[in-house]
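Before any comments, here is the structure.
Throughout, read-outs are computed from the coordinates displayed, never taken from laboratory work. Keep in mind the model is a prediction, meaning the values are calculated, not measured. Cβ atoms come from the backbone with ideal geometry, glycine included; neighbour counts cover every protein chain shown.
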Amino acid sequence: MPDLVEPIRRIIESHCATGDSDEAEVSCSCGAQKIPDHPRHVAEQIIDRLGLKPENVDDVKQQIRYATAWLDWELTKFEGAQY
């Protein structure tokens with residue numbers, strides 16, 4: 001897995017809330033205006049810039065299930081070989 005810390009750090013660094021924190025909507029240093037939920041805005045930017053999509057998450061879950069099933073099968077064969 002590539003090191004994601006630096007790209008995420010740069011994204012967070014480029015998205016600082018500007019304006020009064022008591023306001024219902026703030027602006028962002030990226031130029032976005034009237035943001036009601038700045039942390040959500042930053043999270044969406046991270047997902048967009050890293051190319052993360054819900055279907056990618058489903059693919060990863062499926063790969064984990066396959067890997068787990070394979071490991072279970074290998075352990076079962078190993079246990080059978082011991083008897």
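Just a few scattered comments:
- Distance between the 7 Å Cα→Cβ label points at R40 and T68: 3.1 nm.
- The residue list A17, C28, V5 was ranked by how far each Cα lies along the charge dipole of segment 1-52 toward its positive end, using unit charges on Cβ atoms, and V5 comes out on top.
- E6, E44 arranged by Cβ crowding within 10 Å, fewest neighbours leading: E6, E44
- About the Cα centre, charge dipole magnitude for segment 1-52 (Lys/Arg +1, Asp/Glu -1 at Cβ), debye: 200
- Taking a straight Cα-Cα cut-off under 25 Å and skipping sequence neighbours fewer than 8 places away in the same chain, the lysines within cross-link reach of K53 are K61.
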